[in-house]
Amino acid sequence: MPPSPAPSPTALPGWLDPAAPAGPGWRPLSVLDSHDLDQTREQIARIYKPHELAVVGARQRVHARMHHRALGPAVSLNRLAHGAAVRIDPGRLDDFFLVQMPLAGEALVWHQDTRHVCQPGQASVISPSEAVRMAWSAPCDQFMLRIDHQRLRHVAAALSGRDLVALPRLQPLIDLRQGAGAHWWQLMHYLAQLMDPASGQLPAGLHAAMLEDHVLAMLLRAAWSPAIAGGPPRPPATPRLRLLEDHIQAHLDQPLTVADLARAAGSSVRLVQQVFAREHGTTPGAYIRRQRLERVRHDLMHPGPDTQVLQTAARWGFDHPSRFAAAYRQAFGEPPRATLARGQQRG
């Protein structure tokens, strides 16, 4: 069956409509509106990473616009247009996957020893471990997802039933007009509507985590073949483990003990400890602490006008400032105040 035509821009909702972010209703999500190349480079780097950015053509000038909203701690949605033909060289992404979907124009992408042109109706998928460089046309306007690499690996391991030593290798180009790619594009429609500033309250807590996992599972379905994944097979996550994880996500802002988890799962403390040791390679307490640190990081990266480090840490159960600061630095490689400062600059 031949692929259907590329999605029509006039039929696209919210963030997928090329005209939408220009309207006043989108100002709360605007993180960049600039004619200055250096400012453009610096602001985009705050959300992604430092990179080289150059305009192609002596007569062209940037008018960069970027809108940003986090779905949760692992996935953020972004809309970016430079307003000119540009070359972009970020090298390796290191700690995130990037999915780019042009809404107008096209992007040349050199990645995974290949060169491909990505146009409306397609998505390019860039992995963290291999260098990438790009050339965007004028105009090129893209809807993009930034995805934490460790969270994606966790979901891939659960789906494949394998312990993955390396990150999953995703195919670099997805056809959004048929098959699993079309299902992914339908999900993007839903996310675009959900993230519209006029749509009301965003999902939070357990609901956001479940939605993020669904997004990652759909991406893996469209761009990954588990058959080529290395590592010894293991059984899929058990219903008991899923119940425990869901209970933790729903009660992260409350005291949680292993005994609490055992009661929630209707099992013994010993069995709960065995499940986490087998499935996560850690203790229930360490798993809970990591999830709380992720919540703190998310809040600091997306602060309100009154956000403070110690109050945010206390909200998620960290009552000892020095121990919290040490654990945060060990987990994320920077002090919490640096994360908050970057979040405030981005906002």
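Taking every Cα-Cα distance in region 157-217 and sorting them into 5 Å bins from zero, the calculated P(r) comes out as 4, 13, 17, 21, 19, 16, 8, 2, 0 percent.
Stick to the Cα atoms of the chain, pair each with every other, and give me the Kirkwood hydrodynamic radius in Å at one decimal.
21.5 Å
Each 5 Å bin from zero holds the following percent of Cα-Cα pairs in region 23-163: 2, 10, 18, 24, 22, 14, 6, 3, 2, 1, 0.
Diagonalising the gyration tensor over the Cα atoms of region 119-165 and scaling each eigenvalue by 5 before taking the square root yields semi-axes of 29, 12, 9 Å, largest first.
Please identify, among R297, R61, R329, the residue showing maximal mean-square fluctuation in a Gaussian network model of the chain using a 10 angstrom Cα cutoff. Result for the chain, Cα springs under 10 Å: R329 fluctuates most. On C-alpha positions alone, give me the angle between the axis of helix 321-332 and the longest principal axis of the chain, in degrees, nearest 10. Between the helix axis and the principal axis of the chain, the angle is about 50 degrees.
On average, how much accessible surface per residue is there in region 113-223, in Å², for a 1.4 Å probe, leaving out ligands, DNA and RNA? Walk me through the numbers before you get to the answer.
Details: 4620 Å² over 111 residues.
The answer is 42 Å² per residue.
Take the alpha carbon atoms of region 86-128, find their radius of gyration, then divide it by 2.2 N^0.38 Å using N residues; give the quotient.
Numbers: Rg = 10.4 Å, N = 43, 2.2 N^0.38 = 9.2 Å.
Output field value: 1.13.
When Rg and Dmax are taken over the Cα atoms of region 261-347, they come to 15.4, 47 Å. In the context of the full set of protein chains, residues of region 248-328 present 53 Å² of accessible surface per residue (probe radius 1.4 Å, heavy atoms only). Across region 46-126, Cα-Cα pairs more than 18 Å apart make up 49 percent of the total.
The values are calculated or read from the model by the stated rules, or taken from the named source; none is laboratory data. Keep in mind the model is a prediction, meaning the values are calculated, not measured. These area figures cover heavy atoms from the full protein model, side chains too; ligands, DNA and RNA do not enter into them. Shrake-Rupley method; radii C 1.70, N 1.55, O 1.52, S 1.80 Å.
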